[in-house]
Every structure is written in C-alpha cells, then in structure tokens.
Amino acid sequence: MEVRTAQAVFRPRARVASRLAFLTLAAAMLAAGTGCSSSEKSDKDAKASLTPSPSASSSAPVDPAEAAKTAAVGTYKAYWQEMEKLYATPTGAGADMSKYAASAALKNAQADSKQTHDKGLIATGQVRVDSTTVTSVDVNRQVPNARLSSCLDVSRWQVVDATTKQPAALPSTRLTRYVIVSTVERWSEGWRVIKDEPQAGRPC
C-alpha cells in the first residue's frame, strides 16, 4: 500500500516536471529565434529566408592605391610621434625611428637630434601634422611609394634646456607652421618615410 502511494505521488510530479522542462526549452528556442517555422508559412517567405543577402555573399574589392594612401599617411603621422620621443630626452631613449623612417629621413633625424642633444637641449610638447594630402601614389613600381604634402605645426614643441627646462633662445623670425613635402615607400618591413623636406618660406 505504501509503495502504491509513493508511485501515485511520484508519477504526477514527474509529469509536471517534464512538462515544465519542455515549456522552458520551447520558450528558450523562441527567444533565440531558433523555433520551427509555422506550417502555414508561404513558399515565398521560405525562399526569401534562404536567399543570402548581398553583403553576405560578396564584398567590395580593396583599391590598392587607396590602401597605399591610408598606410602612407598613417606611417607619416607615426613618424612624427616617434620624433617627439627622440627629442624628449637627452639621449633619445625609448625612440626607434627605424620603425618609421629609412634612408635620408632616418639619417637626418638621427644627426639633427644628436646635434640638439650635444647642445644640452631637448624638445617638449607636441608636433601637429595637419592637412596631409597625398599628391601622388604609385603602387605598380618595384618599390611602391607615395608623395605627401602636410602643414607641420611646431608651435607647441618647445626647445628647452635639458637640465633647467628653461626655454632656449630661438630666432624670433622662425616659422612654426610650414609646408613639408615627404616621400614614403613600402619596404619589406613596411612603409617608411625616406624624405622629409621642409619648404622654406611656405607658411601654412
């Protein structure tokens, strides 16, 4: 008699628990959008749901010239950020210009910074590179390159004594915003600035 009573209690509870589990699973599937489609759904809707969208089936090809322009401009801006590091300490510690410069641009950056440091001077603040435009790009030559024209603003880049941090005496007539023309090439290691030529007498 006790066994029958236990079974009579257990079976209804098991059926209720099973039903709750089924309802919970069904609700989760509907919430996730994975439930079965209605049997009354039209063939047209079914076909539409199986047709891939244009964005999924194809993507626009990348224009090599546009990609080169973007990479060249990005490298040039990073080049000047690294230049800030080069001049920020008496030894240029922490800067690695070879990541962004090569050839004449790298040699000039190293020589000019050494000359400044030998005088006991450093430069603090920031350099701004504004209005950069790509004047030409050639991705078909053996070493792809791009020519850039920018407005270089060094008005916030102050030359100071490395020890006292007092501003250095500089010509009052010097330009602090001027046009600079650069050549950037794609080497095996990546894009590198190889020429950086300030345009004397061309303020911007």
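Just need the relative contact order of the stretch 161-204 here, percent rounded to a whole number, with Cα pairs under 8 Å and 6+ apart.
Working: 44 pairs, mean separation 15.8, N = 44.
With pairs under 8 Å counted, the relative contact order is 36 percent.
Given N residues in the stretch 81-204, what is its alpha carbon radius of gyration divided by 2.2 N^0.38 Å?
1.13
Give me the one-decimal nm value for the distance between modelled label points at Ala200 and Val181, 7 Å along each residue's Cα-to-Cβ direction.
Between Ala200 and Val181, the simple spin-label model gives 1.5 nm.
At 1.4 Å probe size, what's the solvent-accessible area of Tyr178? Round to the nearest 10 Å².
Answer for Tyr178: close to 40 Å² accessible.
The values are calculated or read from the model by the stated rules, or taken from the named source; none is laboratory data. All of these numbers come straight from a predicted model, not from anything done at the bench. Cβ atoms come from the backbone with ideal geometry, glycine included; neighbour counts cover every protein chain shown. Accessible surface areas use protein heavy atoms only, side chains included; no ligands, DNA or RNA. Shrake-Rupley method; radii C 1.70, N 1.55, O 1.52, S 1.80 Å.
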